[in-house]
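Here's the structure, in structure tokens; my notes come after.
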Amino acid sequence: MAAQPTGSDLLVDALVKEGVDRVFGVPGEENLDIVESLRRYGIQLVVTRHEQSAAFMAATYGRLTGKAGVCLTTLGPGALNLTTGAAYALLGAMPMVMITGQKPILKSRQAQFQIVDIVATMRPLTKSSRQIVSTASIPTLVRNAFRIAQEERPGPVHLELPEDIAAAPAPEGLEPVTPHAVQVPVAAETAVATAVDMLRAAQRPLVMIGAAGNRHHLVPALSDFVRRMGIPFFNTQMGKGAVDGNSGLYIGTAALSEGDYLHDAVGKADLILAIGHDVVEKPPFLMETPTQKVIHVGFQPAAIAEVYFPDHEVVGDIGEALGRIADQFGGAHPTAAAAFAAVRHTILEKVAADGTSDRFPLVPQRIVHDVRKVLPDDGIVALDNGMYKIWFARSYRTHVANTILLDNALATMGAGLPSAMVAAMLHPDRRVMAVCGDGGFMMNSQELETAIRLKLNLVVVILVDNAYGMIRWKQEAQGFTDFGLTFGNPDFVTYAQAYGATGWKIESAEAFVPTLEKAFTQGGMHLVSVPIDYTENSRVFIEELRNHASVVEAD
């Protein structure tokens, strides 16, 4: 006779019904029942070396697939290590389900040992946080968790499964709730008609693609809309790649909030069609021109902020709404492309990733240029957080959606390597690279062991300046004395070898591309240590843009 299913069996069976094929995490004593159920039901358990990495990996899985990634930890200290990952997914709109353990709740002989109120801790960091108090509620709670995590706006959900509920017999005949597709509501006809009228009245409309425009299922609809309307477009950092950067209508990426060459085009526009903009991102532009109109097209109404307060909103399925706008407009906009032709040429020329400099240590422009050179159109680069993220956002051309993974919402350090690992797991046939500063890399460098254990093909570029470089630059820009932001590093070649990876140290500008090619050709796990010269930060982002602003004001 088969053993009676337990609460953990019910939970894992529900995960199977949701299409979950892997769970990231660090198990503990309080969820050994779940671990056993995962084994018996055939779900892969990807054991990480830190719970924070498990959350980053689950969130990135959700970002790349549209299906909630799942991570697992024990109670107390393990669960608390998920909090940064929870915020990362909440602000970044990445679907994720976090499952944590807890001491028995019906009867406990350990008093308050290791007990922290994780459900309450997670409430402000998630869309929903619940404790499971009976086996009978597991199927509906799991189904609801995935529904909430995946519906717009996506984000993290937390479930706490106490040890005694996990081990308790399940009610006979209880089955998981079967998922079903849900149709996203469509925009009102009057909202679409008003948007069309505003576009007809505009002489210099400009499209902006934000974070919510970069959902994987929206890519065809966005590309079709831009092609049919013939309106130049730019994107926010997290909207980067939704439409091919080689398009003749692409104007650039808003790496800064104001004062960059791109903002010459923003200032010229009399109407901005903001598709999927999410104000959790650092502002791509500031609404300060009284005569400039802004239309918000989103799955949800705009979140009004001091720098973003649209004049009109089209709320509903973004792809469907854009299709109706293009249908009703009836062709390409007659003046938009010509209005921005000259400024577009100047912008792209000024922010191009210049690969001609042979200076060593390498300048950021050369690094961006060379990374683009070795990655094919579908190659994926995952960025950690640092000054180099601004350079990549500004100058790196993307041709396929979700081939540059960056975080412009929480903007946490330590996520680059775990994110790249998930990309390599999901796309083993594509070139995948992580680009990390030495500070961010060392925050989760222990996951090298996980990557090697999983036999991933992955190249990690470590930009070495022996400092928290972005903050050190801002410290200098604000006139403060250089203090408190420098550190030492291990020998990264030896560090890689200690884990069983291959290490490389770049000692000239011309060696960078050949080394990357060798690493990708050989396969496996590679660390490439690259000294970087950040003096370009002040030259470009302070001196050059200050001079440019003076010229613009004079005109």
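Residues are listed down the side, and each one gets a yes or a no for (1) farther than 25 Å from Ala409 by Cα; (2) among the polar types (S, T, N, Q); (3) surrounded by fewer than 17 Cβ atoms within 10 Å (Cβ to Cβ):
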{"residue": "Val12", "(1), (2), (3)": "yes, no, no"}
{"residue": "Asn31", "(1), (2), (3)": "yes, yes, no"}
{"residue": "Asn81", "(1), (2), (3)": "no, yes, no"}
{"residue": "Pro95", "(1), (2), (3)": "no, no, no"}
{"residue": "Leu106", "(1), (2), (3)": "yes, no, yes"}
{"residue": "Arg109", "(1), (2), (3)": "yes, no, yes"}
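Somewhere in segment 144-156, is a residue touching a residue at least 12 places away in the same chain (Cβ under 8 Å), within 18 Å of Ala79 (Cα to Cα) and either touching a Phe, Trp or Tyr at 6+ places or on another chain (Cβ under 8 Å) or outside any helix (DSSP H, G or I) (or both)? Can you show your working first?
Residues of segment 144-156 touching a residue at least 12 places away in the same chain (Cβ under 8 Å): 144-156.
When the remaining residues are screened for being within 18 Å of Ala79 (Cα to Cα), the result is 145, 155-156.
Of the ones still in play, those that are also either touching a Phe, Trp or Tyr at 6+ places or on another chain (Cβ under 8 Å) or outside any helix (DSSP H, G or I) (or both) are 155-156.
Scanning segment 144-156, I find at least one residue that is touching a residue at least 12 places away in the same chain (Cβ under 8 Å), within 18 Å of Ala79 (Cα to Cα) and either touching a Phe, Trp or Tyr at 6+ places or on another chain (Cβ under 8 Å) or outside any helix (DSSP H, G or I) (or both), so the answer is yes.
List pairs: first in segment 216-239 and at positive phi, second part of a helix (DSSP H, G or I) and surrounded by fewer than 22 Cβ atoms within 10 Å (Cβ to Cβ), Cβ under 9 Å, 6+ apart or cross-chain?
As it stands, the answer is Gly230/Ala337, since those pairs meet every condition given.
Taking segment 317-360 only, how many residues are more than 30 Å from Phe392 (Cα to Cα) and polar (S, T, N, Q)?
2
May I ask you to list pairs of residues, at least six apart or on different chains, whose Cβ atoms are under 7 Å apart, with the first in segment 170-189 being closer than 22 Å to Ile318 by Cβ and the second being outside any loop (DSSP other than H, G, I, E, B) and among the charged types (D, E, K, R)?
Every condition considered, the pairs that remain are Val186/Glu320.
Yes or no: Val192 in a loop (DSSP other than H, G, I, E, B) and either modelled with pLDDT of 95 or more or surrounded by fewer than 23 Cβ atoms within 10 Å (Cβ to Cβ) (or both)? It would help to see each step written out before you state the result.
On the way: in a loop (DSSP other than H, G, I, E, B): no; either modelled with pLDDT of 95 or more or surrounded by fewer than 23 Cβ atoms within 10 Å (Cβ to Cβ) (or both): yes.
So Val192 does not fit the description; no.
If I ask for residues that are among the polar types (S, T, N, Q), at pLDDT 95 or above and farther than 27 Å from Pro77 by Cβ, which ones from segment 1-41 would you list?
none
Keeping to segment 426-447, report how many residues are of a type in the set (D, E, K, R) and assigned to a helix (DSSP H, G or I). Give the steps one after another, and end with the answer.
As a first pass, look at segment 426-447 and keep what is of a type in the set (D, E, K, R): 429-431, 438, 447.
Filter once more, so that each one left must be assigned to a helix (DSSP H, G or I): 438, 447.
Selection size over segment 426-447: 2.
Scan Ala332, Ala338, Ala321 and give me the residue that is modelled with pLDDT of 95 or more and in contact with a strand residue (DSSP E or B) (Cβ under 7 Å, 6 or more places away or on another chain). Let's see the steps before the verdict.
Values: Ala332 fails: in contact with a strand residue (DSSP E or B) (Cβ under 7 Å, 6 or more places away or on another chain); Ala338 fails: in contact with a strand residue (DSSP E or B) (Cβ under 7 Å, 6 or more places away or on another chain).
Every option except Ala321 fails the conditions.
Quick check on this structure: which one of Ala549, Ala509 is within 20 Å of Ser395 (Cβ to Cβ), over 26 Å from the mean Cα position of the chain (by Cα) and buried (at least 16 other Cβ atoms within 10 Å of the Cβ)?
On the way: Ala549 fails: buried (at least 16 other Cβ atoms within 10 Å of the Cβ).
That would be Ala509, the only listed residue that is within 20 Å of Ser395 (Cβ to Cβ), over 26 Å from the mean Cα position of the chain (by Cα) and buried (at least 16 other Cβ atoms within 10 Å of the Cβ).
Hey, any hits in segment 210-231 for a residue that's of a type in the set (Ser, Thr, Tyr), in contact with a His (Cβ under 9 Å, 6 or more places away or on another chain) and either outside the structural domain of Ala409 (by TED's automatic domain parsing) or not in a loop (DSSP other than H, G, I, E, B) (or both)? Walk me through how you get there before you give the answer.
Here is the first cut: in segment 210-231, the residues of a type in the set (Ser, Thr, Tyr) are 223.
Of the ones still in play, those that are also in contact with a His (Cβ under 9 Å, 6 or more places away or on another chain) are none.
No, that holds for no residue.
Check every one of the strands (runs of 3 or more DSSP E) wholly within segment 1-99 and list those with 3 or more residues that are within 19 Å of Gln131 (Cα to Cα) and in contact (Cβ under 8 Å) with a residue 40 or more places away in the chain. Spell out the reasoning first.
On the way: elements: 22-26, 44-47, 69-73.
Qualifying strands (runs of 3 or more DSSP E): 69-73.
May I ask you to list pairs of residues, at least six apart or on different chains, whose Cβ atoms are under 6 Å apart, with the first in segment 124-140 being free of Cβ contacts under 8 Å to residues at least 60 places away in the same chain and the second being surrounded by fewer than 16 Cβ atoms within 10 Å (Cβ to Cβ) and not polar (S, T, N, Q)?
Ser129/Arg123; Ala136/Pro171
Only one of (1) over 27 Å from the mean Cα position of the chain (by Cα); (2) more than 30 Å from Val351 (Cβ to Cβ) fails for Gly523. Which number is that?
For Gly523, the exception is condition (1).
Hey, could you check segment 42-62 for residues that are more than 24 Å from Pro77 (Cβ to Cβ) and surrounded by fewer than 24 Cβ atoms within 10 Å (Cβ to Cβ) and say which is farthest from the chain's Cα centre (by Cα)?
Gly42
Just to be sure I understand the filter: pairs with C-beta atoms under 6 Å, separated by 6 or more residues or on different chains, first member in segment 287-313 and among the basic types (Lys, Arg), second member assigned to a loop (DSSP other than H, G, I, E, B). Which pairs pass?
Filtered contacts from segment 287-313: Lys293/Asp311.
Please verify whether Ala136 is over 30 Å from Ala212 (Cα atoms), small (Gly, Ala, Ser), surrounded by fewer than 19 Cβ atoms within 10 Å (Cβ to Cβ) and out of contact with any Phe, Trp or Tyr (no Cβ under 9 Å at 6 or more places or on another chain), treating the condition exactly as stated.
Details: over 30 Å from Ala212 (Cα atoms): yes; small (Gly, Ala, Ser): yes; surrounded by fewer than 19 Cβ atoms within 10 Å (Cβ to Cβ): yes; out of contact with any Phe, Trp or Tyr (no Cβ under 9 Å at 6 or more places or on another chain): yes.
It is true that Ala136 is over 30 Å from Ala212 (Cα atoms), small (Gly, Ala, Ser), surrounded by fewer than 19 Cβ atoms within 10 Å (Cβ to Cβ) and out of contact with any Phe, Trp or Tyr (no Cβ under 9 Å at 6 or more places or on another chain).
All but one of (1) modelled with pLDDT under 95; (2) in contact with a strand residue (DSSP E or B) (Cβ under 8 Å, 6 or more places away or on another chain) hold for Pro301; which doesn't?
Condition (1) is where Pro301 drops out.
Name, by its number, the condition in (1) more than 21 Å from Gly440 (Cβ to Cβ); (2) crowded, with 23+ Cβ neighbours inside 10 Å; (3) of a type in the set (D, E, K, R) that does not hold for Lys350.
Against the list (1) more than 21 Å from Gly440 (Cβ to Cβ); (2) crowded, with 23+ Cβ neighbours inside 10 Å; (3) of a type in the set (D, E, K, R), Lys350 comes up short only on (2).
Would you say Ile452 is out of contact with any Lys or Arg (no Cβ under 7 Å at 6 or more places or on another chain), without any contact (Cβ under 8 Å) to a residue 24 or more places away in the chain and surrounded by fewer than 24 Cβ atoms within 10 Å (Cβ to Cβ)? Before you say what the answer is, go through the steps one by one.
Values: out of contact with any Lys or Arg (no Cβ under 7 Å at 6 or more places or on another chain): yes; without any contact (Cβ under 8 Å) to a residue 24 or more places away in the chain: no; surrounded by fewer than 24 Cβ atoms within 10 Å (Cβ to Cβ): yes.
In short, no.
Would you mind listing the helices (runs of 4 or more DSSP H) fully within segment 451-555 where at least 3 residues are of a type in the set (A, V, I, L, M, F, W, C) and more than 28 Å from Met57 (Cβ to Cβ)?
Working: elements: 469-477, 492-499, 512-522, 535-538, 545-554.
Counting at least 3 such residues, we get 545-554.
Are any residues in segment 66-86 farther than 20 Å from Arg215 by Cβ, under 19 Å from the mean Cα position of the chain (by Cα) and hydrophobic (A, V, I, L, M, F, W, C), and if so, which ones?
Within segment 66-86, Cys71, Leu82, Ala86 qualify.
The values are calculated or read from the model by the stated rules, or taken from the named source; none is laboratory data. For clarity, every value in this text was computed on a predicted model and none was experimentally measured. When we count neighbours, we look across all protein chains shown, and the Cβ atoms used for this are built from the backbone with ideal geometry, even at glycine.
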